[in-house]
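The values are calculated or read from the model by the stated rules, or taken from the named source; none is laboratory data. Fair warning: this is a prediction, and the values are worked out from it, not measured in the lab. When we count neighbours, we look across all protein chains shown, and the Cβ atoms used for this are built from the backbone with ideal geometry, even at glycine. Surface accessibility is based on the protein's heavy atoms, side chains included, excluding ligands, DNA and RNA. Shrake-Rupley method; radii C 1.70, N 1.55, O 1.52, S 1.80 Å.
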Amino acid sequence: MKRIIFCLLLSVCAGTLLSMTPDERIAYLQWMKQTLPEVPEWTAWQQKTGELPPDFDQLPRTNLLPDPLRFLDGRSVKNNAIDWSARREEIRHLFEKYMIGTFPPKATITRVVPTSESRGSGYLTGDVRIEFGPQGKGSVRVRLVIPDGTAGSKFPVLICPNLAGWGPSLIRRGYISAGFAGNDMMDDAAALKDLYPDYDFATLGRRAWLVKVVLDYLETIPQVDMKRVAIFGYSRDGKMATIAAAMDDRIAALVAGSTGVGGLLPWRLSGERGGGESIESTTRMFPGWFVPRLRFFAGREDRLPVDANLFLALIAPRAVLMEWGHNDEVTNGWGIEQAYASARKVYDRLGQPNRMGLLHVPGFHGSNDQEACIDWLDSQFGKTSKTWVNDFAFPWDYDKWYSTTGKTISLNKYLKPAVTATTVSTLNDWEAQVPGLRGSIEWVMGVTPPFMPATSGGFPMRGAGNTGPTEIAKGQIGNPGQLAPDVPSWVIARGSAEFGWTAADNKLVNSRRIRFGSGVTGDLYYPANTPEGTKLPTVIWLHGFHQSLGYMWVYRRDQHLILALAKAGYAVLAFDQTGYGMRWNEAKPFYDRYPEWSRLGKMVEDVRGAVDALQKDALVDASRISVVGYTLGGTVGLYAAALDERIAGVVSICGFTPMRTDTQDKGTSGMTRYSHQHGLLPRLGLFAGKEATLPYDYDDMMALVAPRPVLVVQPQKDRDASPGEVRAAVARAGNIFTLKGVPGKIGLMEPDDYARLTAATQDHVIEWMKKNF
């Protein structure tokens, strides 16, 4: 582990050795304008200021979270008194520069105007208008709901960005509710832009700054215990509350509900690769939330000097509760827990390891357990003797696995062979290597437990949405048939285009639900009005690192690939891979149940089960079952196709970078992304620091698929890969395709883009498939 950390330091510092020229920065700006969707507000800002993209080469590069205990220049924080204070100030400055904008100095309250007061049963409600700032022109409406108490009683407070707040729940638990007009429905911060023209704080920053005025007012209220002031926000308001807590030490506790990116979910660990919000989508759909400069980092999140874990570091050692829904389309729990793990070393350093809390609840975006949140506040504010216990949803720990399982494994039989796809000169030489290569791949995937196919029986499969009993009995569902009823309601009832799937699309495809393998449920999509008896070429769609949404995605206006394939005449089987979407809860207990297996091994097994079921389906052409995967799915697809010759072809989109050269100093996630970070292939971690000795690599897996077709899509600006090395791997695998007489059956597309799956890329992929599959 020490070697991995040391190599990461090298990658962090390496960026300072190079520098982009002005012409390169101008060219990058032109690429943005030509490639990314138009954002009029951003274009107007860029033209007005003339600002160019930053010199990315001068910024540290890492797909892992930036180290809170290391300065931007690579120096480590050695002591709390001096170094941590300086690092903390550096983090504040970086957030102001790249995300939230600069804050004006503290305002002076000039007048407090009572506007209403009423008494309820056991509490008093009072509304005021607080005037502040230059010539008293700033104002904010505040409502306090104060429980009755004895003379001199002081109560903890929870601030909310709306007047109602959590009043009904809080007063029963002995808290003051402090609501202020600081959200989309009632935004008293809107006027601050003109009131402080010399400061560039953006919408969420302005609302967070307004909290300072609310705190100044609370200091004048006798019943307020200023040592126990908390703030709550959900979704975009959670981002705002996070900023407020990070920028004002008077806030003793933050309750952050499903903040999504820009709050406590790291940009690096969400985005397009994660099927969720990204810098591109956030700065396009909500261009005023953050400073326009942030958009320069769309697809370049690895160069952004700040991320969610550094918000937590700023708040430390004060208390933070991070809440999310299990299938929350805005937040993913894995990313939040990664931010927690990174910031934990700051809390440990400051002697407060129990100040960070985690709360995951059933449901989608909007899921919020107020009473549980107040329970946590009670534990932080000394109102209960009960200890809060964090229930990690994704508690993978490579070191723990190694200590119990990994250290007993010998590598002697599984080192890089003398002959590979690159070095063979005859087909016979290659065929002699195939059993050993497949054996090595299966060894890395671990020991597969005995498999007995699940049998049908019991209740019929349940459909989505308002599906009736007849459709349920037939296995038919509403489209899209996943994460019901939430996703279908967004797509159909609300008419949202943010899933790449509109109500009009449902007229073009039908679907029915099937079960396969060890009880996995999937949805089989196919063109509407397909004549009975038709046999369709069929694709197994393997999604990416879509923690919450599984095979769907969100904030992507490009048409979903499932629809594009169905429109092109394919049937498409889509299902959530283990540990993702509706199967999120399979991740936590997996290695307790199967310590010698791997989650990626289970994913490959699920693909085999899908092929078994599809071969028996009346709609499917059993000789034309192929796999298309994106990011994680592109990885799984290559493993599955290398080991299962029934798979007619594979498309891997942003699916890999060669492992033997994927070392920590590259600034990508490193080969250990599979072992240490995601817990997909623990045995790969045994080769950490000696990646060159791996017994196989992706060129070998592509070669094992030959002569069946393989298409690799590798964007040139993919931050999670080394495109040149991917190109070389495809060329090496092409040697085997040539030996087998099918040199044209391996293809490489290199769009001048980052790791997005745009409509244009989809069209090119489908065109290639139609010619080669």
Stretch residue 624-residue 661 to full length: gain in nm at 0.36 nm per residue minus the Cα-Cα span?
9.9 nm
For the full complex of protein chains and a 1.4 angstrom probe, list 546, 764 by accessible area with the highest value first.
764, 546
Between residue 693 and residue 43, how many nm apart are label points set 7 Å from Cα along the C-beta direction?
5.6 nm
Of 97/212; 212/239; 33/771; 154/345; 154/383, which sit over 23 Å apart, Cα to Cα?
33/771; 154/345
At R0 = 25 Å, how high is the FRET efficiency between residue 749 and residue 567 if r is their beta carbon distance? Nearest 0.05 is fine.
0.80
If you add up the charges near residue 711, with Lys and Arg at +1 and Asp and Glu at -1, over every other residue whose beta carbon is less than 14 angstrom from its beta carbon, what do you get?
+2
Whenever you get a sec, compute what percent of the accessible area on the chain sits on carbon and sulfur atoms (1.4 Å probe).
53 percent
At residue 764 and residue 397, where each label point lies 7 Å from the Cα along Cα→Cβ, what is the point-to-point distance in nanometres?
4.5 nm
Helix 333-349 sits at what angle to the longest principal axis of the chain, using alpha carbons and giving 0 to 90 degrees rounded to 10?
60 degrees
Label point distance in nm, residue 372-residue 135, each placed 7 Å from Cα along Cα→Cβ:
5.1 nm
Antiparallel versus total DSSP beta bridges in the chain: what percent is that, nearest 5?
45 percent
For segment 758-770, what does the Karplus curve 6.51 cos²θ - 1.76 cosθ + 1.60, with θ = phi - 60°, yield as ³J(HN,Hα) per residue in whole Hz, taken in order and with x for Gly and Pro?
7, 4, 5, 5, 4, 4, 5, 4, 5, 4, 5, 4, 5
In Å², nearest 10: area of residue 108 left accessible to a 1.4 Å probe:
100 Å²
Angle between the chain longest axis and helix 723-739 axis [Cα atoms, degrees, rounded to 10]:
20 degrees
Got a number for the accessible area of residue 29? Probe 1.4 Å, square angstrom, nearest 10.
10 Å²
Compare the peptides 169-178, 682-691, 633-642 by average per-residue count of other Cβ atoms within 10 angstrom and give them in order, highest first.
633-642, 169-178, 682-691
Using a Förster distance of 45 Å, the FRET efficiency for residue 198-residue 497 (Cβ separation, nearest 0.05):
0.70
Per-pair calculated FRET efficiency, R0 = 35 Å: residue 154 and residue 186 via Cβ, rounded to 0.05:
0.80
Regression test value, accessible area per residue of segment 115-164, probe 1.4 Å, units Å², expected 47 Å²
Against the longest alpha carbon principal axis of the chain, how many degrees, from 0 to 90 and to the nearest 10, is the axis of helix 370-380 turned?
70 degrees
Would you mind pulling out the separation of the Cα centroids of segment 248-311 and segment 560-581, in Å?
28 Å
Only Lys, Arg, Asp and Glu count, each charged at its Cβ (+1, +1, -1, -1), so figure out the dipole size of segment 13-151 about its Cα centre, rounded to 20 debye.
500 debye
Holding the Cα-Cα limit at 24 Å, pick out from 137/227; 535/770; 407/588 the pairs that are longer than that.
137/227
Would you work out if segment 263-412 is rounded, prolate or oblate? Take a ≥ b ≥ c from the square roots of the eigenvalues of the alpha-carbon gyration tensor; rounded if a/c is under 1.5, else prolate when a/b is larger than b/c, oblate otherwise.
oblate
Dipole magnitude of the chain about its Cα centre (Cβ charges: Lys, Arg +1; Asp, Glu -1), debye to nearest 20:
760 debye
Using mean Cβ contacts within 10 Å as the protection proxy, how do 615-621, 693-699 order, highest first?
693-699, 615-621
Would you mind calculating the gained length between residue 532 and residue 387 on full extension (0.36 nm times residue separation, minus the Cα-Cα distance), in nm to one decimal?
46.0 nm
Residue 490 accessible area, nearest 10 Å², 1.4 Å probe?
70 Å²
